[in-house]
């Protein structure tokens, strides 16, 4: 049989879910002895080979819509302390990653996760990934409806389901009823957003979004989707992707390419052929985009309760600190926390009268409730610390850049989002940033150094648009000066309350290209 790529051959030989039967035997082998097909299949267990490829892995744990209990958080902290060098990473899909584990470690880790209701099953691989959603689901004063039972239904349906364990590539689903696009709808393969029809709450849906080297904004389906039909639509979209998605060139196997080629009318007809007739119309409920940030103390829709949103620098939290946050959630609240797709953390269900005592805890000096307008809105990928694709370090480089800009522009008054991703896979979403940086390495003079390409003015929410590309590569030693010049020009041009992306939208990109040119590598 002919296969378009080696991943398809591996999946044909053995389904990814079969890896759980092999895990004990694989754990006894040296990494170099493990068949490459099995290294790939380990992703179906949520286990991903990290850099350097020497037998160390990350384990990714699904947290649908970011929900995690204090008891679960304590187990995650224990596992990270025992096996992950005491550190935990929050991902841009609200999941949790523990790095530096071995397969022998995984034999202990996976059962301990399962014992507290957590799962790494299909956290990676060509499968439906964890469900992204509103981290305030159920407590959100602005949400159209509580999406927690819907997220749980969709999550449980796909989890370990052999009918959908061999997709052409990953399938990313977002479900949110928050009007501020908390689920980043337009960059997901399938996204449900709040809508109303004749006074009834439900959803509109978008399909075929994604980033990487060829970004696509998802296209709107014509349906009004009642809450009880969300799973039907999700199942239909996954079936369409499974049965008709491309399986040749690996970089062309995402759902976005199929949707673009078929057209949204054909895609809608194919979905409706599976679901039965769906109503049309309705009004989408949207406001401005909040970037997935929920900082500070805010009222919940439950009278007398507040939630507390805090910033995790670089999306990292020390295991002992996560355990402490879990203790705080139990002491002051009902033992509930949430992760966000901006790689931050929320403590929920805090009685309003206890908020001041809670936030006086020393830990909030290190994980602030009101971070700076640069540091609190920057995002980066893992970088070359662990990733096999990124040629540069990202997290600490971005932190240094953001701190420098905060020193330079203390009175900026509005968030300015700088995203740094380590390669063309765009895991840090540079296409959505005010200033998006994609790192690489190139020869400048007689030395190979980190360099960056730029994109400007990306945003989601109403009138979503990807950032505009600026030509040229900026050497590392010119990066801060270049970014400083861009921000200063923004401040010179902006009108009251105007964001960076709004200024970019109303000016010609050549203006910004001219600003960048003096800093480019020759």
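The values are calculated or read from the model by the stated rules, or taken from the named source; none is laboratory data. Bear in mind the structure is a predicted one, so any value in this text is a computation, not a measurement. Reconstructed Cβ throughout: ideal geometry from the backbone, glycine too, with neighbour counts over all protein chains shown.
Being within 18 Å of residue 428 (Cα to Cα) and either touching a residue at least 60 places away in the same chain (Cβ under 8 Å) or in the same structural domain as residue 249 (by TED's automatic domain parsing) (or both): is that true of residue 165 here? Give the derivation first.
On the way: within 18 Å of residue 428 (Cα to Cα): no; either touching a residue at least 60 places away in the same chain (Cβ under 8 Å) or in the same structural domain as residue 249 (by TED's automatic domain parsing) (or both): yes.
Spelling it out, it is not the case that residue 165 is within 18 Å of residue 428 (Cα to Cα) and either touching a residue at least 60 places away in the same chain (Cβ under 8 Å) or in the same structural domain as residue 249 (by TED's automatic domain parsing) (or both).
Return a yes/no flag: does the stretch 402-412 have any residue that is crowded, with 19+ Cβ neighbours inside 10 Å, part of a helix (DSSP H, G or I) and on the phi > 0 side of the Ramachandran plot.
No: the stretch 402-412 contains no residue that is crowded, with 19+ Cβ neighbours inside 10 Å, part of a helix (DSSP H, G or I) and on the phi > 0 side of the Ramachandran plot.
So which residues in the stretch 370-393 are crowded, with 20+ Cβ neighbours inside 10 Å, over 18 Å from the mean Cα position of the chain (by Cα) and not in a loop (DSSP other than H, G, I, E, B), if there are any at all?
384
Among the residues in the stretch 133-156, are any in a helix (DSSP H, G or I) and either within 30 Å of residue 436 (Cα to Cα) or under 17 Å from the mean Cα position of the chain (by Cα) (or both)?
So in the stretch 133-156, the residues in a helix (DSSP H, G or I) come out as 148-156.
Next, only the ones that are either within 30 Å of residue 436 (Cα to Cα) or under 17 Å from the mean Cα position of the chain (by Cα) (or both) stay: 151, 155.
Scanning the stretch 133-156 turns up at least one residue that is in a helix (DSSP H, G or I) and either within 30 Å of residue 436 (Cα to Cα) or under 17 Å from the mean Cα position of the chain (by Cα) (or both).
Looking for whichever is under 25 Å from residue 168 (Cα atoms) and either at pLDDT below 95 or in contact with a strand residue (DSSP E or B) (Cβ under 9 Å, 6 or more places away or on another chain) (or both) here; the options are 275, 286. Which one fits?
Numbers: 286 fails: under 25 Å from residue 168 (Cα atoms).
After applying the criteria, what remains is 275.
Does the stretch 203-226 hold any residues that are over 24 Å from residue 426 (Cβ atoms) and buried (at least 19 other Cβ atoms within 10 Å of the Cβ), and which are they? Reasoning before the result, please.
To start, the set of residues in the stretch 203-226 that are over 24 Å from residue 426 (Cβ atoms) comprises 203-204, 221-226.
Listed by number, the residues that qualify are 203, 204, 221, 223, 224, 225.
Among the candidates 39, 61, single out the residue that is touching a strand residue (DSSP E or B) at 6+ places or on another chain (Cβ under 9 Å), outside the structural domain of residue 386 (by TED's automatic domain parsing) and buried (at least 22 other Cβ atoms within 10 Å of the Cβ). Step through it out loud before you land on a result.
Working: 39 fails: buried (at least 22 other Cβ atoms within 10 Å of the Cβ).
Result of the check over 39, 61: 61.
Return the pair list, or none, for Cβ contacts closer than 9 Å from residues in the stretch 495-522 that are on the phi > 0 side of the Ramachandran plot to residues that are surrounded by 12 or more Cβ atoms within 10 Å (Cβ to Cβ) and in a loop (DSSP other than H, G, I, E, B), at least 6 apart or on different chains.
Here the result reads 497/413; 497/414, each pair linking the stretch 495-522 to a residue that is surrounded by 12 or more Cβ atoms within 10 Å (Cβ to Cβ) and in a loop (DSSP other than H, G, I, E, B).
If you go through the stretch 475-512 one residue at a time, how many are in contact with a strand residue (DSSP E or B) (Cβ under 7 Å, 6 or more places away or on another chain) and over 17 Å from residue 433 (Cα atoms)?
Qualifying residue count for the region: 2.
Residues being in contact with a helix residue (DSSP H, G or I) (Cβ under 7 Å, 6 or more places away or on another chain) and either touching a residue at least 60 places away in the same chain (Cβ under 8 Å) or farther than 21 Å from residue 316 by Cβ (or both): count how many of those fall in the stretch 352-384.
Summing the residues that are in contact with a helix residue (DSSP H, G or I) (Cβ under 7 Å, 6 or more places away or on another chain) and either touching a residue at least 60 places away in the same chain (Cβ under 8 Å) or farther than 21 Å from residue 316 by Cβ (or both) in the stretch 352-384 gives 5.
Among the residues of the stretch 337-351, what is the count of those that are closer than 15 Å to residue 302 by Cβ and touching a helix residue (DSSP H, G or I) at 6+ places or on another chain (Cβ under 6 Å)?
So the first thing to find is which residues in the stretch 337-351 are closer than 15 Å to residue 302 by Cβ, and the list is 338, 346-351.
Applying the additional criterion that residues be touching a helix residue (DSSP H, G or I) at 6+ places or on another chain (Cβ under 6 Å) yields 338, 347, 350.
Qualifying residue count, the stretch 337-351: 3.
Within the stretch 227-257, track down each residue that is surrounded by fewer than 20 Cβ atoms within 10 Å (Cβ to Cβ), modelled with pLDDT of 95 or more and closer than 26 Å to residue 465 by Cβ.
252
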